[in-house]
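Nothing in this text is a laboratory measurement; each read-out follows from the coordinates by a stated rule. Note that the structure is a prediction, hence the values are computed from the model and not measured. Cβ sites come from the backbone with ideal geometry, for glycine too, and all protein chains shown count toward neighbours.
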Amino acid sequence: MRTQQPFAIILGCSDSRTPVEILFDEGFGDLFVIRIAGNIVAPSVVGSIEFAAAQFGTRLVVVMGHTRCGAISATVKALQTGLGPESKNIRAITDRIAPHLQGLIHSRTGKALLQEAMRANVRASVDHLRHGSRLLEELVVAGRVAVVGAEYSLETGAVHFLDSLPAASAPQALNVRTKRVYEPAVRSDGNRVLVDRLWPRGISKLRAQLESWLREVAPSNALRQWYGHRPERWPEFQARYARELQTHEEAVQRLLALARQKPLTLVYSSREPELNNAAALKSYLLAKARRAG
C-alpha cells in the first residue's frame, strides 16, 4: 500500500462541487485535504493541519474558497437582516465567518459583495493559520511552511491564488490579529496591545510583553454583560460596540497608527476564541481603514 507524502495541505469547503483532488488532478497520497463548510478555521482544523505539517513535512497550506458558497451567502444574509440560521449548529459556522465580513456589508451589493466576502473569509482563515497556532507560526517564520489563499470559480473551473488579486478586504496592508493573553508572546506579534477593561488574572507585566494597555477601547460593562458571549447576539454586539468605539476616536487612531508600523496584536483574556471583543475590534479597525481609503 502506498504511503502518503502530501506536498500540499488544502483547507477547502465541503460543497460537493469542489472535489479538491479532481480540481488539482492529483492522486492518492498527494494532497492532505480538510473540508468544512465555509473553509472556516476551527480548533480541529488547526490540529489537522499541524499534524500534517509536523508528520509529513508538508510545506504548503492552501485555504481555498469558491464562488457561490452557501456558507458565505448565509452569513451575508444574517448580517443584512439580523436573523441568523435557526439551527445553532449552522449558526456556529456563520458566527465564525461574520466578523470578517462586517465591514463589507454596507460598501457592496449583489455578486460583488459575495465575491469580496468569500475572499475576505479566505484571507481571515489564512491569517488565523499563520498566527493562531504557535507551531504553524514558528514554521512560517522559519520559512518551512507557506500559508496562502485561493479561490475556485464554479463558473470557469479555474483556481486563482489571492496574492495575485487586489486585496480589497485588507486596505493599507494593515496586519491586525488577535491573541489570547495566556498564549506565549512571540516576536512576530509586533505591537501587542491589551484591549480588556480588567488586567488578566495570573499574568505578570513581564509575561504579557505589551506595547500598551488601552482600557478605553474595551466594551462597557453594560454591553459586556448584555452580550454574555451568546452567539445569537454577536451581530448586535458588534453594532453596539462600534457605536461605543466612535466615542474613543483618539484611542482608535492610536491603534491604527501602531498597525501601520508593524503587525498589531489585540490581546484579550476571554476563553471564547472567535466571538470576543478583540475580534470585533479588529473588524472595526479594518473597516475604518478601508473607508479611509
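Under 5 Å from the amide H of residue 66 lie the amide H atoms of 152, each residue being 5 or more positions distant or on a separate chain, with H modelled from the backbone and absent for Pro and chain starts. Cα extents for segment 168-293 along the principal axes, largest to smallest and rounded to whole angstrom: 37, 35, 23. With a simple spin-label model that places each label point 7 Å from the Cα along the Cα-to-Cβ direction, the separation between residue 77 and residue 250 comes to 4.6 nm. Placing a pseudo-label 7 Å from each Cα along the Cα-to-Cβ vector at residue 188 and residue 230 gives an inter-label distance of 3.8 nm. Only helices enter this figure: runs of n ≥ 4 DSSP H residues, each worth -39500 (n - 2.57), summed and divided by the residues of the chain, yield -12500 deg cm²/dmol at 222 nm to the nearest 500.
Using amide H atoms built in the peptide plane, which far-off residues or other-chain residues are under 5 Å from residue 10 H to H? Residues meeting the criterion, in which the H sits 1.01 Å from N, are 32, 33, 34, 62. Among the trypsin sites (Lys or Arg not before Pro) in segment 62-106, those located in a DSSP loop and surrounded by at most 15 other Cβ atoms within 10 Å of their own Cβ are 68. For segment 1-167, the relative contact order comes to 24 percent (Cα pairs under 8 Å, sequence separation of at least 6).
Around residue 155, with a cut-off of 12 angstrom between Cβ atoms, what is the net charge of the other residues, counting Lys and Arg +1 and Asp and Glu -1? Net charge around residue 155: +2. Spacing of the modelled spin labels on residue 257 and residue 17, each 7 Å from Cα toward Cβ, amounts to 4.8 nm.
Evaluated at q = 0.07, 0.09, 0.13, 0.16 Å⁻¹, the base-10 log of the normalised Debye intensity for the chain, with identical point scatterers placed on the Cα atoms, takes the values -0.26, -0.43, -0.92, -1.38. The convex hull of the Cα atoms of segment 32-119, projected and averaged over all directions, covers 6.2 nm².
Each Lys and Arg contributes +1 and each Asp and Glu -1, all at the Cβ; summed about the Cα centre of the chain, the dipole is approximately 860 debye. Using alpha carbons only, the radius of gyration of segment 1-42 set against its Kirkwood radius gives Rg/Rh = 1.00.
Within segment 26-104, the GluC sites (Glu not before Pro) that combine a DSSP coil assignment with at most 15 other C-beta atoms in a 10 angstrom radius are 86. Hey, which of these cross-link pairs are over 22 Å Cα-Cα: 88/282; 179/205; 179/262? Those over the limit are 88/282.
Taking the DSSP beta bridges with both ends in the chain, the antiparallel portion is around 10 percent. Applying a DSSP loop filter and a limit of 10 other Cβ atoms within 10 Å to the trypsin sites (Lys or Arg not before Pro) in segment 231-293 leaves 271. Tell me, what is the percent relative contact order of the chain, built from C-alpha pairs under 8 Å that lie six or more residues apart? Computed over the chain, the figure is 18 percent. Distances between every pair of Cα atoms in segment 1-167, grouped in 5 Å steps from 0 to the bin holding the largest one, split as 1, 9, 18, 21, 20, 15, 9, 4, 1, 0, 0 percent. Per-residue extension of 0.36 nm, minus the Cα-Cα distance of residue 134 and residue 223, leaves a gain of 28.9 nm for this segment.
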